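As structure tokens, the structure follows; a few thoughts come after it.
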Amino acid sequence: MTTRTTTAETVDAFHRGKFHLIQPLGQGHRSGMDAMLLAALVSCGRPCRVADLGAGAGAAGMAVASRLEEAEVLLFERSPIMADFARRSLALPENARFAARVAVLEADVSLNGKARAAAGLPDDAFDHVIMNPPFNDAADRRTPDRLKAEAHAMSDDLFETWIKTAGAIMKPGGQLSLIARPESIAEILAACGRRFGGIEITPLLPRAGENAVRILVTAIKQSRKRLVLRAPLIMHAEGAHRFAPEVDDLNNGRAAYHRR
């Protein structure tokens, strides 16, 4: 459900109304299914700390906090405008159930070492790091909207930079989770390098027999397990517009997508 306010923004319901998000209208990035599937990659049956890198308005991180009652989430976002959307979303009465477990940190993912720690991202601090980075090639989408360009267009060495940060701030044995385009597999694997192992890649197909439009990736810090290419998730049955039941459950916070 989307409610349009009097300003250039909307209030959108996620997880069938279990939490709400204030998002920009006509500028910047608007979150949807990608963020919900990313959040579904986090599975934790105990208290855990989760960092959402490049969180935007906070959809994925809030989806984790909404589903997992013992998760503490840090939304890490460099844009003051998008960080403000996240803060105002957390102040909504519909989000009071988890707002105290979610914080917003305004800083750049590319910070290194002492600068990163000083910004509020210490080393070896998080059980999970999730990311939905700007994975379009810079030439793919040209837009006069600077906020949208920053949210969508890939910079040089993006995955190396973001995954390096994830590896630094994550506890040994912690889980990296991300969603990306299939053509980014090589960069993701190269960036994981010796930092992460046990990589699991799941192709996301619109329908059976069609090419993947996204990949879901999880990996474990310092693991030496081999890569696993999992069976694809198929969003729709042939001739149907509704989501397949498994995908609908992931999209609406009723289930997690567990590692094998």
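The values are calculated or read from the model by the stated rules, or taken from the named source; none is laboratory data. Please read all numbers here as calculations on a predicted model, not as lab measurements. Heads up, the Cβs are rebuilt from the backbone with ideal geometry, glycines too, and the neighbour counts pull from every protein chain shown. Please note that ligands, DNA and RNA were not included when accessible areas were found on the heavy atoms of the full protein model with its side chains. Shrake-Rupley method; radii C 1.70, N 1.55, O 1.52, S 1.80 Å.
Points worth noting:
- Residue in region 230-250 that is of a type outside the set (Lys, Arg), in a strand (DSSP E or B) and closer than 30 Å to Asp124 by Cβ present: no
- Residues located in region 206-229, provided they are over 18 Å from the mean Cα position of the chain (by Cα) and either surrounded by 17 or more Cβ atoms within 10 Å (Cβ to Cβ) or in a loop (DSSP other than H, G, I, E, B) (or both): Ala208, Gly209, Glu210, Asn211, Ala212, Gln222, Ser223, Arg224, Lys225, Arg226, Leu227
- Qualifying residue in region 233-247 (condition: out of contact with any helix residue (DSSP H, G or I) (no Cβ under 9 Å at 6 or more places or on another chain), free of Cβ contacts under 8 Å to residues at least 24 places away in the same chain, farther than 14 Å from Ile179 by Cα and acidic (Asp, Glu)): yes
- The set of residues in region 6-59 that are touching an Asp or Glu at 6+ places or on another chain (Cβ under 8 Å), within 21 Å of Phe159 (Cβ to Cβ) and open to solvent by less than 20 Å² (accessible area, probe 1.4 Å) comprises Val50, Ala55, Gly56.
- Residue among Asp156, Asp249 that is surrounded by fewer than 18 Cβ atoms within 10 Å (Cβ to Cβ) and closer than 25 Å to Ala115 by Cβ: Asp156
- Residue count for region 97-114, restricted to those that are farther than 16 Å from Ser79 by Cβ and either open to solvent by less than 20 Å² (accessible area, probe 1.4 Å) or modelled with pLDDT under 95 (or both): 5.
- Within region 68-82, restricting attention to residues that are open to solvent by 50 Å² or more (accessible area, probe 1.4 Å) and touching a helix residue (DSSP H, G or I) at 6+ places or on another chain (Cβ under 7 Å), the residue that is nearest to Ser31 (Cα to Cα) is Ile81.
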